[in-house]
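Let me begin by presenting the structure, written as structure tokens, before commenting on it.
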Amino acid sequence: MPPIENLQRVPSLALARLERQGIFTTGLFLEVSETRTRRTTLADQIGVYTNDIDAWRDEALLLNLANFGPEQQGILTQAGVVGLSDLLSLSPSEFHDRVTEAAYTLGVEPPPDLTITGWYEQAQTLAED
């Protein structure tokens, strides 16, 4: 599970408060914010809005896709895909093209087609939950 500090949308103060709650990974964050009630409780505990928690969950879900690390996060950020909802708003071919173009822009090797397809399919599965 990626460290919680990999979330780009979380302000520093909120990040420190999450860590004081013992939330050090995106997986733990997803667990403690799994239901609407848990999201409301967490928002109250760290002094943010529930909408903030929802946005951070969206990003955490993306970071927890298989074969996803810091380099891949950089590529997707360059492609304008910061959260799961960004990915879900694209067709498979749009997503593939954006990821490939972003990798070339960054001067890195694009992920294999199978990996890009896997991310897209995992995102669809997560959206069904």
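The values are calculated or read from the model by the stated rules, or taken from the named source; none is laboratory data. None of the values given here were measured: they were computed from a predicted structure. Here the Cβ positions follow ideal geometry from the backbone for every residue, glycine too, while neighbour counts run over all protein chains shown.
Kindly evaluate G47 against the criterion of being among the small types (G, A, S), under 20 Å from P3 (Cβ atoms) and surrounded by fewer than 18 Cβ atoms within 10 Å (Cβ to Cβ). Write out each step before concluding.
Numbers: among the small types (G, A, S): yes; under 20 Å from P3 (Cβ atoms): no; surrounded by fewer than 18 Cβ atoms within 10 Å (Cβ to Cβ): yes.
No; evaluated as a whole, the condition is false for this residue.
Can you confirm whether the stretch 2-25 contains a residue that is of a type in the set (F, W, Y) and buried (at least 18 other Cβ atoms within 10 Å of the Cβ)? Give the steps one after another, and end with the answer.
Filtering the stretch 2-25 down to residues of a type in the set (F, W, Y) leaves 24.
With buried (at least 18 other Cβ atoms within 10 Å of the Cβ) added as a condition, the list becomes none.
Checked the stretch 2-25: no residue is of a type in the set (F, W, Y) and buried (at least 18 other Cβ atoms within 10 Å of the Cβ).
Taking the stretch 52-107 as the region of interest, how many residues are among the hydrophobic types (A, V, I, L, M, F, W, C), without any contact (Cβ under 8 Å) to a residue 40 or more places away in the chain and in a helix (DSSP H, G or I)?
Let us first name the residues in the stretch 52-107 that are among the hydrophobic types (A, V, I, L, M, F, W, C), namely 53, 55-56, 60-63, 65-66, 68, 75-76, 79, 81-82, 84, 87-88, 90, 95, 99, 102-103, 106.
Applying the additional criterion that residues be without any contact (Cβ under 8 Å) to a residue 40 or more places away in the chain yields 53, 75-76, 79, 81, 87-88, 90, 95, 99, 102-103, 106.
Those left that are additionally in a helix (DSSP H, G or I): 53, 75-76, 87-88, 95, 99, 102-103, 106.
Total meeting the criteria: 10.
So which of T117, T105, T125 ends up being β-branched (V, I, T), under 28 Å from L28 (Cβ atoms) and out of contact with any strand residue (DSSP E or B) (no Cβ under 8 Å at 6 or more places or on another chain)?
Numbers: T117 fails: under 28 Å from L28 (Cβ atoms); T105 fails: under 28 Å from L28 (Cβ atoms).
Exactly one residue qualifies, and that residue is T125.
Taking the stretch 104-129, which residues are under 18 Å from the mean Cα position of the chain (by Cα) and either surrounded by 14 or more Cβ atoms within 10 Å (Cβ to Cβ) or of a type in the set (S, T, N, Q) (or both)?
Step one: list which residues in the stretch 104-129 are under 18 Å from the mean Cα position of the chain (by Cα), which gives 111, 115-129.
Result: P111, T115, I116, T117, G118, W119, Y120, Q122, A123, Q124, T125, L126.
Checking the condition aromatic (F, W, Y), assigned by TED's automatic domain parsing to the domain that holds D58 and over 18 Å from L84 (Cβ atoms), which residue from F29, F24 passes? Quick ask: steps written out before the conclusion?
Working: F29 fails: over 18 Å from L84 (Cβ atoms).
Residue meeting the stated conditions: F24.
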